[in-house]
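Single-structure report; data block below.
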Amino acid sequence: MTDQVISGTDLTRLRELNSLTIVSALRDQPPATVTELAKLTGLSRPAVDVIAQGLVTGGWATVVEPDGSSVVGRPARRYRFRATAGHVIGVDVGAHKVLALLADLDGNVVHTARRPVAADADPSERLAALDQVLVTCLAESGKSNQDIWAVTVGVTGPVDATGKTTLFTPLPGWQTVDLAAHLSDRFTCPIIVENDCKLAALAERWRGAARDANDIVFLLAGMRMGAGLIIDGVLRRGFGGAAGEIGALKAVRWLAAPSHLERCPGVPPTVSPDDAAAWVFNAARDGNRDALSAVSRYVKDIAVGTAALVLALDPQVVVFGGGFSRSADLVLDPLRRELQKLCLRVPDVRASTLGADSVALGALRLALNEVDRRLFTVGLSAPPAAPRRD
(Lines give C-alpha, C1' and ligand atoms only; values in the text may rest on other atoms or scores of the structure.)
Protein backbone atom coordinates (compact mmCIF):
# COMPACT_ATOMS: atom_id res chain seq x y z
CA MET A 1 0.00 0.00 0.00
CA THR A 2 1.26 3.46 -0.87
CA ASP A 3 1.34 5.91 2.00
CA GLN A 4 -0.57 9.14 1.43
CA VAL A 5 1.71 12.14 1.13
CA ILE A 6 0.55 15.37 2.77
CA SER A 7 1.81 18.37 0.85
CA GLY A 8 2.86 21.68 2.33
CA THR A 9 -0.31 23.21 0.91
CA ASP A 10 -2.42 20.59 2.72
CA LEU A 11 -0.65 21.29 6.02
CA THR A 12 -1.10 25.02 5.60
CA ARG A 13 -4.80 24.55 4.95
CA LEU A 14 -5.12 22.19 7.91
CA ARG A 15 -3.53 24.77 10.21
CA GLU A 16 -5.88 27.40 8.80
CA LEU A 17 -8.93 25.23 9.43
CA ASN A 18 -7.80 24.44 12.97
CA SER A 19 -7.25 28.14 13.62
CA LEU A 20 -10.74 28.92 12.34
CA THR A 21 -12.12 26.22 14.61
CA ILE A 22 -10.52 27.93 17.60
CA VAL A 23 -11.74 31.37 16.48
CA SER A 24 -15.28 30.01 16.13
CA ALA A 25 -15.13 28.52 19.62
CA LEU A 26 -13.82 31.76 21.09
CA ARG A 27 -16.60 33.77 19.43
CA ASP A 28 -19.30 31.63 21.02
CA GLN A 29 -17.81 31.35 24.52
CA PRO A 30 -16.63 33.50 27.42
CA PRO A 31 -12.82 33.61 27.85
CA ALA A 32 -11.58 30.03 27.78
CA THR A 33 -8.46 28.12 28.78
CA VAL A 34 -6.48 25.90 26.43
CA THR A 35 -7.97 22.84 28.14
CA GLU A 36 -11.52 24.17 27.69
CA LEU A 37 -10.87 25.01 24.04
CA ALA A 38 -9.46 21.53 23.44
CA LYS A 39 -12.66 19.98 24.81
CA LEU A 40 -14.84 22.32 22.74
CA THR A 41 -12.99 21.72 19.46
CA GLY A 42 -11.75 18.17 19.74
CA LEU A 43 -8.19 19.30 18.97
CA SER A 44 -5.27 18.21 21.09
CA ARG A 45 -4.23 20.43 23.96
CA PRO A 46 -0.71 21.04 22.56
CA ALA A 47 -2.17 22.00 19.19
CA VAL A 48 -4.64 24.40 20.79
CA ASP A 49 -1.85 25.95 22.86
CA VAL A 50 0.21 26.72 19.75
CA ILE A 51 -2.78 27.95 17.75
CA ALA A 52 -4.05 30.21 20.54
CA GLN A 53 -0.66 31.87 20.89
CA GLY A 54 -0.56 32.35 17.13
CA LEU A 55 -4.00 33.97 17.17
CA VAL A 56 -2.79 36.42 19.80
CA THR A 57 0.23 37.28 17.67
CA GLY A 58 -1.97 37.68 14.60
CA GLY A 59 -4.37 40.01 16.37
CA TRP A 60 -7.35 37.64 16.48
CA ALA A 61 -7.32 36.90 20.20
CA THR A 62 -6.21 38.43 23.48
CA VAL A 63 -5.05 36.97 26.76
CA VAL A 64 -7.35 37.69 29.69
CA GLU A 65 -5.27 38.43 32.75
CA PRO A 66 -6.17 36.58 36.00
CA ASP A 67 -8.43 38.57 38.30
CA GLY A 68 -6.64 37.42 41.46
CA SER A 69 -9.52 35.26 42.68
CA SER A 70 -7.51 32.04 42.44
CA VAL A 71 -5.77 31.22 45.70
CA VAL A 72 -4.11 27.89 44.84
CA GLY A 73 -1.49 27.52 42.12
CA ARG A 74 -0.88 29.53 39.03
CA PRO A 75 -4.13 30.38 37.16
CA ALA A 76 -4.44 29.08 33.62
CA ARG A 77 -4.27 31.60 30.81
CA ARG A 78 -7.60 32.42 29.26
CA TYR A 79 -8.11 33.55 25.70
CA ARG A 80 -10.82 35.79 24.30
CA PHE A 81 -11.76 36.63 20.72
CA ARG A 82 -10.51 40.12 19.93
CA ALA A 83 -13.71 41.82 18.87
CA THR A 84 -11.92 45.08 18.10
CA ALA A 85 -9.89 43.44 15.31
CA GLY A 86 -12.39 45.02 12.94
CA HIS A 87 -15.66 46.94 12.87
CA VAL A 88 -18.90 47.05 10.90
CA ILE A 89 -21.45 49.77 10.16
CA GLY A 90 -25.22 49.47 9.97
CA VAL A 91 -27.22 52.34 8.46
CA ASP A 92 -30.91 53.17 8.31
CA VAL A 93 -31.72 55.50 5.42
CA GLY A 94 -35.30 56.37 6.32
CA ALA A 95 -37.87 58.88 5.20
CA HIS A 96 -37.06 61.32 8.02
CA LYS A 97 -33.55 60.41 9.18
CA VAL A 98 -30.25 58.74 8.43
CA LEU A 99 -28.93 56.73 11.37
CA ALA A 100 -25.57 54.94 11.48
CA LEU A 101 -24.33 52.53 14.14
CA LEU A 102 -20.68 51.45 14.29
CA ALA A 103 -19.95 48.22 16.16
CA ASP A 104 -17.11 45.83 16.88
CA LEU A 105 -17.13 42.20 15.73
CA ASP A 106 -19.15 41.14 18.78
CA GLY A 107 -21.88 43.58 17.81
CA ASN A 108 -21.15 46.03 20.60
CA VAL A 109 -22.18 49.49 19.38
CA VAL A 110 -19.29 51.88 19.94
CA HIS A 111 -20.64 54.96 18.17
CA THR A 112 -23.89 56.39 16.82
CA ALA A 113 -24.46 59.21 14.34
CA ARG A 114 -27.80 60.60 13.23
CA ARG A 115 -28.96 63.31 10.87
CA PRO A 116 -32.53 64.43 10.06
CA VAL A 117 -33.64 64.57 6.44
CA ALA A 118 -36.84 65.88 4.88
CA ALA A 119 -39.35 63.30 3.66
CA ASP A 120 -39.44 65.02 0.25
CA ALA A 121 -35.64 65.23 -0.08
CA ASP A 122 -34.34 64.29 -3.51
CA PRO A 123 -31.67 61.57 -3.91
CA SER A 124 -28.74 64.01 -3.89
CA GLU A 125 -29.89 65.53 -0.58
CA ARG A 126 -30.43 62.13 1.01
CA LEU A 127 -27.08 60.82 -0.21
CA ALA A 128 -25.37 63.96 1.11
CA ALA A 129 -26.95 63.33 4.52
CA LEU A 130 -25.75 59.71 4.37
CA ASP A 131 -22.20 60.79 3.50
CA GLN A 132 -22.15 63.29 6.35
CA VAL A 133 -23.38 60.73 8.85
CA LEU A 134 -20.69 58.27 7.81
CA VAL A 135 -17.96 60.92 8.00
CA THR A 136 -19.15 61.93 11.46
CA CYS A 137 -19.42 58.35 12.68
CA LEU A 138 -15.90 57.46 11.59
CA ALA A 139 -14.29 60.69 12.77
CA GLU A 140 -15.90 60.71 16.21
CA SER A 141 -15.15 57.02 16.80
CA GLY A 142 -11.52 57.38 15.76
CA LYS A 143 -11.89 54.81 12.96
CA SER A 144 -10.86 54.96 9.33
CA ASN A 145 -12.55 53.52 6.26
CA GLN A 146 -10.01 50.68 6.32
CA ASP A 147 -11.16 49.64 9.81
CA ILE A 148 -14.62 48.79 8.47
CA TRP A 149 -15.07 45.18 7.34
CA ALA A 150 -18.68 45.36 6.12
CA VAL A 151 -21.41 47.95 5.66
CA THR A 152 -25.13 47.25 5.44
CA VAL A 153 -27.67 49.93 4.56
CA GLY A 154 -31.40 49.59 5.11
CA VAL A 155 -33.75 51.39 2.73
CA THR A 156 -37.50 51.66 2.27
CA GLY A 157 -38.96 49.40 -0.41
CA PRO A 158 -38.16 45.92 -1.76
CA VAL A 159 -34.50 45.56 -2.72
CA ASP A 160 -33.60 43.48 -5.76
CA ALA A 161 -30.43 41.48 -6.42
CA THR A 162 -28.63 44.62 -7.65
CA GLY A 163 -29.30 46.49 -4.39
CA LYS A 164 -31.84 48.85 -5.99
CA THR A 165 -35.47 49.58 -5.11
CA THR A 166 -36.79 49.39 -8.66
CA LEU A 167 -40.21 47.93 -7.74
CA PHE A 168 -41.33 50.57 -5.27
CA THR A 169 -40.09 53.07 -2.71
CA PRO A 170 -41.71 56.12 -1.11
CA LEU A 171 -38.36 57.93 -1.14
CA PRO A 172 -38.51 60.42 -4.03
CA GLY A 173 -36.36 59.37 -6.97
CA TRP A 174 -34.69 56.55 -5.04
CA GLN A 175 -35.37 53.93 -7.73
CA THR A 176 -32.48 55.45 -9.69
CA VAL A 177 -29.96 55.27 -6.83
CA ASP A 178 -27.18 52.67 -6.91
CA LEU A 179 -26.27 52.85 -3.24
CA ALA A 180 -23.59 50.15 -3.33
CA ALA A 181 -21.78 51.95 -6.16
CA HIS A 182 -22.05 55.25 -4.31
CA LEU A 183 -20.49 53.81 -1.15
CA SER A 184 -17.81 51.82 -3.00
CA ASP A 185 -15.95 55.10 -3.54
CA ARG A 186 -15.57 55.31 0.24
CA PHE A 187 -15.26 51.67 1.36
CA THR A 188 -13.41 48.68 -0.08
CA CYS A 189 -15.27 46.21 2.14
CA PRO A 190 -18.50 44.38 1.20
CA ILE A 191 -21.51 46.73 0.94
CA ILE A 192 -24.99 45.26 1.34
CA VAL A 193 -28.28 47.05 0.67
CA GLU A 194 -31.42 45.53 2.19
CA ASN A 195 -35.07 46.34 2.88
CA ASP A 196 -35.73 48.03 6.22
CA CYS A 197 -38.52 45.64 7.31
CA LYS A 198 -36.31 42.61 6.75
CA LEU A 199 -33.46 44.17 8.72
CA ALA A 200 -35.77 45.07 11.60
CA ALA A 201 -36.94 41.45 11.70
CA LEU A 202 -33.30 40.32 11.98
CA ALA A 203 -32.74 42.77 14.82
CA GLU A 204 -35.75 41.54 16.79
CA ARG A 205 -34.49 37.97 16.59
CA TRP A 206 -30.95 39.03 17.48
CA ARG A 207 -31.55 41.43 20.35
CA GLY A 208 -35.24 42.20 20.52
CA ALA A 209 -38.62 40.71 21.30
CA ALA A 210 -38.21 37.50 19.28
CA ARG A 211 -34.90 36.10 20.51
CA ASP A 212 -36.59 32.81 21.40
CA ALA A 213 -38.26 32.30 18.01
CA ASN A 214 -37.27 30.90 14.61
CA ASP A 215 -40.52 31.71 12.82
CA ILE A 216 -41.31 35.42 12.94
CA VAL A 217 -43.51 37.95 11.19
CA PHE A 218 -42.29 41.47 11.88
CA LEU A 219 -44.70 44.35 11.27
CA LEU A 220 -43.12 47.71 10.54
CA ALA A 221 -45.97 49.97 11.59
CA GLY A 222 -45.91 53.67 10.90
CA MET A 223 -47.30 55.97 8.24
CA ARG A 224 -46.74 52.98 5.98
CA MET A 225 -46.95 49.25 6.72
CA GLY A 226 -44.44 46.59 5.80
CA ALA A 227 -43.39 43.16 6.95
CA GLY A 228 -40.20 41.16 7.40
CA LEU A 229 -40.26 37.37 7.51
CA ILE A 230 -37.95 34.90 9.25
CA ILE A 231 -38.85 31.25 8.69
CA ASP A 232 -36.85 28.35 10.17
CA GLY A 233 -34.38 30.95 11.44
CA VAL A 234 -33.66 32.25 7.93
CA LEU A 235 -34.52 35.73 6.65
CA ARG A 236 -36.75 35.31 3.61
CA ARG A 237 -36.20 37.74 0.75
CA GLY A 238 -38.11 36.06 -2.06
CA PHE A 239 -36.99 35.71 -5.67
CA GLY A 240 -37.07 39.45 -6.36
CA GLY A 241 -36.59 40.71 -2.81
CA ALA A 242 -40.30 41.46 -2.34
CA ALA A 243 -41.23 38.80 0.24
CA GLY A 244 -43.56 40.28 2.86
CA GLU A 245 -44.81 43.15 0.67
CA ILE A 246 -48.40 42.09 1.17
CA GLY A 247 -49.44 45.71 1.53
CA ALA A 248 -49.20 46.03 -2.26
CA LEU A 249 -52.46 44.06 -2.41
CA LYS A 250 -55.07 46.74 -1.83
CA ALA A 251 -57.61 44.22 -0.58
CA VAL A 252 -55.68 43.75 2.66
CA ARG A 253 -56.08 47.50 3.39
CA TRP A 254 -52.57 48.17 4.69
CA LEU A 255 -52.14 51.14 2.38
CA ALA A 256 -55.22 52.85 3.79
CA ALA A 257 -54.80 51.88 7.45
CA PRO A 258 -52.75 54.92 8.60
CA SER A 259 -55.29 57.30 7.05
CA HIS A 260 -57.69 56.54 9.90
CA LEU A 261 -55.20 58.19 12.23
CA GLU A 262 -54.26 61.05 9.90
CA ARG A 263 -57.89 62.01 9.28
CA CYS A 264 -59.23 61.50 12.78
CA PRO A 265 -61.81 64.20 13.67
CA GLY A 266 -60.56 66.60 16.29
CA VAL A 267 -56.88 66.65 15.36
CA PRO A 268 -55.89 70.31 15.84
CA PRO A 269 -54.88 72.14 12.65
CA THR A 270 -51.59 73.06 14.34
CA VAL A 271 -50.58 69.36 14.41
CA SER A 272 -48.54 68.39 11.35
CA PRO A 273 -49.52 65.29 9.33
CA ASP A 274 -46.38 63.54 10.59
CA ASP A 275 -47.50 64.08 14.20
CA ALA A 276 -51.21 63.35 13.76
CA ALA A 277 -50.92 59.67 14.68
CA ALA A 278 -49.10 60.47 17.92
CA TRP A 279 -51.83 62.99 18.81
CA VAL A 280 -54.54 60.38 18.13
CA PHE A 281 -52.86 57.69 20.22
CA ASN A 282 -52.43 60.11 23.13
CA ALA A 283 -56.03 61.25 22.83
CA ALA A 284 -57.19 57.63 22.81
CA ARG A 285 -55.36 57.04 26.08
CA ASP A 286 -57.30 59.97 27.51
CA GLY A 287 -60.57 58.38 26.40
CA ASN A 288 -61.32 60.58 23.37
CA ARG A 289 -64.10 58.73 21.51
CA ASP A 290 -63.06 59.83 18.01
CA ALA A 291 -59.48 58.83 18.71
CA LEU A 292 -60.53 55.44 20.11
CA SER A 293 -62.64 54.85 17.03
CA ALA A 294 -59.75 55.80 14.72
CA VAL A 295 -57.39 53.40 16.51
CA SER A 296 -59.98 50.64 16.30
CA ARG A 297 -60.39 51.10 12.53
CA TYR A 298 -56.61 51.20 12.11
CA VAL A 299 -56.19 47.90 13.98
CA LYS A 300 -58.97 46.20 11.98
CA ASP A 301 -57.23 47.16 8.75
CA ILE A 302 -53.73 46.02 9.72
CA ALA A 303 -55.21 42.77 11.07
CA VAL A 304 -56.32 41.71 7.57
CA GLY A 305 -52.82 41.66 6.09
CA THR A 306 -51.35 40.28 9.30
CA ALA A 307 -53.84 37.42 9.25
CA ALA A 308 -52.94 36.64 5.64
CA LEU A 309 -49.27 36.31 6.61
CA VAL A 310 -50.12 34.25 9.70
CA LEU A 311 -52.30 31.85 7.71
CA ALA A 312 -49.61 31.45 5.04
CA LEU A 313 -46.61 31.08 7.35
CA ASP A 314 -47.91 29.98 10.77
CA PRO A 315 -45.25 31.95 12.72
CA GLN A 316 -44.46 31.49 16.38
CA VAL A 317 -44.31 35.25 16.98
CA VAL A 318 -45.71 38.41 15.41
CA VAL A 319 -43.70 41.49 16.43
CA PHE A 320 -45.43 44.88 16.23
CA GLY A 321 -42.62 47.35 15.50
CA GLY A 322 -41.87 50.60 13.77
CA GLY A 323 -42.76 54.09 14.95
CA PHE A 324 -46.24 53.10 16.10
CA SER A 325 -44.81 50.45 18.45
CA ARG A 326 -44.57 53.22 21.04
CA SER A 327 -48.36 52.90 21.22
CA ALA A 328 -48.42 49.11 21.37
CA ASP A 329 -50.40 49.37 24.62
CA LEU A 330 -53.36 50.50 22.50
CA VAL A 331 -52.82 48.07 19.62
CA LEU A 332 -51.74 44.63 20.82
CA ASP A 333 -54.89 43.43 22.60
CA PRO A 334 -57.27 44.60 19.83
CA LEU A 335 -54.94 43.07 17.23
CA ARG A 336 -54.97 39.74 19.06
CA ARG A 337 -58.78 39.80 19.15
CA GLU A 338 -58.99 40.52 15.43
CA LEU A 339 -56.53 37.71 14.64
CA GLN A 340 -58.62 35.30 16.69
CA LYS A 341 -61.52 36.00 14.34
CA LEU A 342 -59.44 35.50 11.20
CA CYS A 343 -56.77 32.85 11.93
CA LEU A 344 -56.77 29.14 12.64
CA ARG A 345 -54.03 29.62 15.24
CA VAL A 346 -53.06 32.94 16.77
CA PRO A 347 -49.30 33.37 17.32
CA ASP A 348 -47.77 35.21 20.22
CA VAL A 349 -48.14 38.93 19.47
CA ARG A 350 -45.42 41.10 21.02
CA ALA A 351 -44.27 44.71 20.93
CA SER A 352 -40.83 45.59 19.59
CA THR A 353 -38.24 46.37 22.25
CA LEU A 354 -35.81 48.11 19.89
CA GLY A 355 -37.78 51.16 18.81
CA ALA A 356 -36.29 53.48 16.22
CA ASP A 357 -32.93 51.67 16.17
CA SER A 358 -34.30 48.35 14.89
CA VAL A 359 -33.41 48.83 11.22
CA ALA A 360 -29.84 50.00 11.92
CA LEU A 361 -29.34 47.15 14.41
CA GLY A 362 -30.55 44.65 11.84
CA ALA A 363 -28.12 46.19 9.38
CA LEU A 364 -25.32 45.57 11.89
CA ARG A 365 -26.39 41.93 12.24
CA LEU A 366 -26.35 41.41 8.47
CA ALA A 367 -22.93 43.07 8.22
CA LEU A 368 -21.59 40.76 10.95
CA ASN A 369 -23.05 37.78 9.10
CA GLU A 370 -21.14 38.85 6.01
CA VAL A 371 -17.90 39.16 7.98
CA ASP A 372 -18.40 35.65 9.36
CA ARG A 373 -19.22 34.27 5.93
CA ARG A 374 -16.04 35.68 4.44
CA LEU A 375 -13.95 34.78 7.44
CA PHE A 376 -14.99 31.14 7.47
CA THR A 377 -14.83 30.68 3.71
CA VAL A 378 -11.79 32.77 2.76
CA GLY A 379 -9.94 32.32 6.05
CA LEU A 380 -7.81 34.26 8.50
CA SER A 381 -5.05 34.78 5.96
CA ALA A 382 -7.32 36.95 3.80
CA PRO A 383 -9.82 38.70 6.08
CA PRO A 384 -11.88 41.69 4.91
CA ALA A 385 -9.08 43.82 6.34
CA ALA A 386 -5.99 43.27 8.43
CA PRO A 387 -6.70 43.10 12.18
CA ARG A 388 -6.09 46.48 13.72
CA ARG A 389 -3.79 46.61 16.72
CA ASP A 390 -5.40 48.79 19.40
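The values are calculated or read from the model by the stated rules, or taken from the named source; none is laboratory data. All values reported here derive from a predicted model rather than from experimental measurement. Reconstructed Cβ throughout: ideal geometry from the backbone, glycine too, with neighbour counts over all protein chains shown. Surface accessibility is based on the protein's heavy atoms, side chains included, excluding ligands, DNA and RNA. Shrake-Rupley method; radii C 1.70, N 1.55, O 1.52, S 1.80 Å.
Would you list, by chain and number, the lysines whose Cα falls below 16 Å from the Cα of K341, excluding same-chain residues fewer than 8 positions away?
Answer for K341, where 16 Å is the Cα cut-off: K300, listed by chain and number.
Have a look at V63, L17, A32 and report the one farthest towards the positive end of the charge dipole of the range 13-70, computed about the Cα centre with Cβ charges (Lys/Arg +1, Asp/Glu -1).
L17
Among the lysines, which fall within straight-line cross-link reach of K97, defined as a Cα-Cα distance under 26 Å, with same-chain neighbours fewer than 8 residues apart omitted?
K97 reaches K143, K164, K198.
Is the shape of the range 272-321 rounded, prolate or oblate, going by the alpha carbon gyration tensor and its root eigenvalues a ≥ b ≥ c, with a/c under 1.5 for rounded and a/b larger than b/c for prolate?
Details: a/c = 2.77, a/b = 2.37, b/c = 1.17.
Judged from the Cα gyration tensor, the range 272-321 comes out prolate (a/c at least 1.5, a/b above b/c).
Using DSSP H assignments, which helices in the chain have an axial alpha-carbon span of 24 Å or above and a mean Kyte-Doolittle hydropathy of 0.0 or higher? Please list the in-between numbers first.
On the way: long enough: 8-27 (28 Å, 0.07); 123-141 (27 Å, 0.48); 289-313 (35 Å, 0.94); 358-378 (30 Å, 0.66).
Length and hydropathy pass: 8-27, 123-141, 289-313, 358-378.
Set the Förster distance to 30 Å, then compute FRET efficiency between F376 and E140 from the Cβ-Cβ distance, nearest 0.05.
Details: r = 32 Å, r/R0 = 1.05.
Calculated transfer efficiency: 0.45.
Averaged per residue, what accessible area in Å² does the range 145-198 show with a 1.4 Å probe, protein chains only?
On the way: 1950 Å² over 54 residues.
For the range 145-198, the solvent-accessible area averages 36 Å² per residue.
Would you mind computing, in nm to one decimal, how far apart the modelled labels at A161 and R263 are, each placed 7 Å from Cα along Cα→Cβ?
4.1
In nm, give the distance between the simple-model label positions of F239 and D106, each being 7 Å from the Cα along the Cα-to-Cβ direction.
4.4
Give the long-range amide H neighbours of Q316: residues separated by 5 or more places, or on another chain, with amide H under 5 Å away, using H modelled in the peptide plane at 1.01 Å from N.
The list, which skips near neighbours in sequence, is D215, I216.
Which percentage, to the nearest 5, of the DSSP beta bridges contained in the chain is antiparallel? Please list the in-between numbers first.
Numbers: 28 of 48 bridges.
Of those bridges, close to 60 percent are antiparallel.
Would you list, by chain and number, the aspartates and glutamates whose Cα falls below 12 Å from the Cα of K250, excluding same-chain residues fewer than 8 positions away?
The qualifying aspartates and glutamates are D301.
How large is the dipole of the chain about the Cα centre if only Lys and Arg carry +1 and Asp and Glu carry -1, each at its Cβ, rounded to the nearest 20 debye? Please list the in-between numbers first.
Values: 42 positive and 42 negative charges, 111 e Å.
Dipole magnitude for the chain comes out near 540 debye.
For the range 107-249, what class follows from the C-alpha gyration tensor (a ≥ b ≥ c being the square roots of its eigenvalues): rounded when a/c is under 1.5, otherwise prolate if a/b is larger than b/c, else oblate?
Values: a/c = 1.74, a/b = 1.26, b/c = 1.38.
Cα axes put the range 107-249 in the oblate bin.
Would you work out if the range 175-258 is rounded, prolate or oblate? Take a ≥ b ≥ c from the square roots of the eigenvalues of the alpha-carbon gyration tensor; rounded if a/c is under 1.5, else prolate when a/b is larger than b/c, oblate otherwise.
Details: a/c = 2.11, a/b = 1.27, b/c = 1.66.
Because a/c hits 1.5 or more and a/b fails to exceed b/c, the range 175-258 counts as oblate.
Which residues in the range 352-377 have a backbone N closer than 18 Å to a point placed 7 Å from the Cα of K97 along the Cα-to-Cβ line?
352-365
Between the alpha-carbon centers of the range 174-213 and the range 17-49, tell me the distance in whole angstrom.
Centre-to-centre (Cα) distance: 32 Å.
About its Cα centre, how strong a charge dipole does the range 188-295 have in debye, to the nearest 20, once Lys and Arg get +1 and Asp and Glu get -1 at the Cβ?
Values: 12 positive and 12 negative charges, 35 e Å.
Dipole of the range 188-295, to the nearest 20 debye: 160 debye.
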